[in-house]
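A short worksheet on the structure shown next.
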Amino acid sequence: MPVLILARHAKAEPEGRSDVERTLSATGLAQAVEAGAEIAERWSPEVAIASAARRTVQTGQAVVEAVNRHAEAEIELILDPSLYGGGVEDWMDAIRSIPAGSQCAYIVGHQPTVAEVIGHLSAEAGVPEGFRPSSIAVFDIPSWNVEPGSFPVPEIQSFRGI
């Protein structure tokens, strides 16, 4: 059964030269490393996609590095500029881009869109409130052909950066 992991980037600095250039804070870096270790250990994605914003790239890269240390095959982080400031349909395009033979995929982006995507995929789960930085929603699905709205309720987990 394929696994889809949707993530919100780890804690970012409150300011930067621009919003797209904001970096992860020290806590955020620790959260990203913790999330990467857990994701690599439990699911080991074959596909990793991130918004092109610096904080999501840093979060996604921590996951990719952990997966590459843990798995036999190496993956690369794919940057999708449409996920920065994009809507649910941009996320659906990213999900549809996942190769059919993949067993696990990870996509990291921003609030409030990531929570809206979770609600769009799982009508039963709805839009989660308080989907904090460094949270993930993990969907175990029977195939990549599950229709939006019919996804099962995801497992939601937050990382604190221990």
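Name the residue that is modelled with the lowest pLDDT, counting only residues in the stretch 6-22 that are part of a loop (DSSP other than H, G, I, E, B) and of a type in the set (G, A, S). Out of the qualifying residues, it is G16.
Checked against the criteria, L77 counts as buried (at least 16 other Cβ atoms within 10 Å of the Cβ) and either at positive phi or out of contact with any Pro (no Cβ under 9 Å at 6 or more places or on another chain) (or both).
Matching residues to (1) over 20 Å from P154 (Cα atoms); (2) of a type in the set (A, V, I, L, M, F, W, C); (3) touching a strand residue (DSSP E or B) at 6+ places or on another chain (Cβ under 6 Å):
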{"site": "A10", "(1), (2), (3)": "no, yes, yes"}
{"site": "A30", "(1), (2), (3)": "yes, yes, no"}
{"site": "V33", "(1), (2), (3)": "yes, yes, no"}
{"site": "G36", "(1), (2), (3)": "no, no, no"}
{"site": "T56", "(1), (2), (3)": "yes, no, yes"}
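Put simply, of G161, G130 the only residue that is loosely packed, with under 14 Cβ neighbours inside 10 Å and either farther than 16 Å from V3 by Cβ or polar (S, T, N, Q) (or both) is G130.
The values are calculated or read from the model by the stated rules, or taken from the named source; none is laboratory data. This one's a predicted model, so the numbers in the text were calculated from it and none came from an experiment. In this analysis, Cβ positions are derived from the backbone assuming ideal geometry, glycine residues included, and neighbour counts consider all displayed protein chains.
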